[in-house]
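Single-structure report; data block below.
The values are calculated or read from the model by the stated rules, or taken from the named source; none is laboratory data. In this text the structure is predicted, and so the values were computed from the model without any measurement. When we count neighbours, we look across all protein chains shown, and the Cβ atoms used for this are built from the backbone with ideal geometry, even at glycine. Surface areas here come from the heavy atoms of the whole protein model, side chains and all, with no ligands, DNA or RNA. Shrake-Rupley method; radii C 1.70, N 1.55, O 1.52, S 1.80 Å.
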Amino acid sequence: TAEARLRFYAEHFDTVEVDSSYYAIPAERTTHNWAERTPPGFVFHIKAFGLMTGHAVRPEQLPVDLRPLVDKVTSRGHVVPSDALRDRVFARFARSLEPLRQAGKLGGVLFQLPPSALPGRESWQRIEHAQAALPNTELLVEFRQRDWLSSDLRDETLDSLRERDLTYVAVDAPHVSSNNVVETVVAATTQTGYVRFHGRNAATWNHHGDGASSRFDHLYSDAELTEWVEPLRKLAQTTSRLYAVFNTNAATQGPDNADRL
């Protein structure tokens, strides 16, 4: 059962990144149960719902009572959100975090921008809107468009995060030349260090149709993990909190990779 899996997981690790919230906003009862079923000090990081970050979502992914607010969809059936709907979604998401916040178990909200979010004013406005709509919540910002961390923009991007008190998310990802993979840049912009390991499966990264378990299908070798020992040690020396999270979600690769690291 979901309860048994979470209790078992919490016997081995002290933090988890919840990605199911990207597909649907969790109910408060659900997050209350998460808090109840984990020991003191356990930390949950919650991925922002897709509509919040500019990703495509379908009406059926919204909470039932918010679906009547959808007045326009694209030809592919994706929601075109009005300002009113977007505000309601943020408010509902914020409310869903409260049981974890009250239990002292809320880490940050992972705000993963889509590959279509280019560096510039519009993207920063989206990030700033999220920060204002989720007060007293740490925003963990992950870029998925290569230009953000190009040699020309890297310092500006990291400085802009620092100025806004936003936490930068570093990534380990396949070495491919496509625009939806950023370069691995080890840095921290707040007192939280956060690294997401997406695996290095270049063959499936841009292969559509097989789902996330195919894209992130990768069991790290000892040599690949060893590359991260010193960078993680240095991050630990310059931050108050450091999280290394594996997004390799085929079978048991996530916990297996974490154990080996």
Study note, to complete from the structure: Matching label for the computed Cα extents along the principal axes in Å, out of (1) 65, 42, 41; (2) 54, 41, 37; (3) 52, 45, 39, is (3)
Practice item. Quick one: which residues, 5 or more positions from Val18 or on another chain, have an amide H under 5 Å from its amide H? H modelled 1.01 Å from N in the peptide plane, none for Pro or chain starts. Key: His45, Ile46, Lys47
**Study point:** Ranked packing of 101-109, 175-183, most packed first, by mean Cβ within 10 Å
**Key:** 101-109, 175-183
Check your understanding: Near Lys72, which lysines are there with a Cα under 27 Å away, not counting those fewer than 8 places off in the same chain?
Key -> Lys47
Check your understanding: When the Karplus curve 6.51 cos²θ - 1.76 cosθ + 1.60 is applied with θ = phi - 60°, which whole-Hz ³J(HN,Hα) does each residue of region 5-11 get, with x for Gly and Pro?
Key -> 5, 5, 4, 5, 4, 5, 6
Revision key, fill the gap. The ³J(HN,Hα) series, computed from each phi in region 113-127 with the Karplus coefficients 6.51, -1.76 and 1.60 at θ = phi - 60°, rounded to the nearest Hz and given as x for glycine or proline, is 6, x, x, 6, 7, 7, x, x, 4, 4, 5, 5, 5, 5, 5
Revision key, fill the gap. Hull surface over four for the Cα convex hull of region 8-149, reported in nm², is 9.4
Point to revise | Residue-wise HN-Hα coupling along region 131-142, computed from phi with Karplus coefficients 6.51, -1.76, 1.60 (Hz; x: Gly, Pro) | key: 4, 6, 7, 10, x, 6, 10, 6, 9, 9, 9, 10
Review point. At a 1.4 Å probe radius, carbon and sulfur cover how many percent of the accessible area of the chain?
Key: 49
Check your understanding: Excluding ligands, DNA and RNA, what is the solvent-accessible area per residue of region 161-209 at a probe of 1.4 Å, expressed in Å²?
Key -> 40
Exercise for review: Quick one: which residues, 5+ away or cross-chain, put their amide H under 5 Å from the amide H of Tyr194? H built at 1.01 Å from N.
Suggested key: Ala170, Tyr243
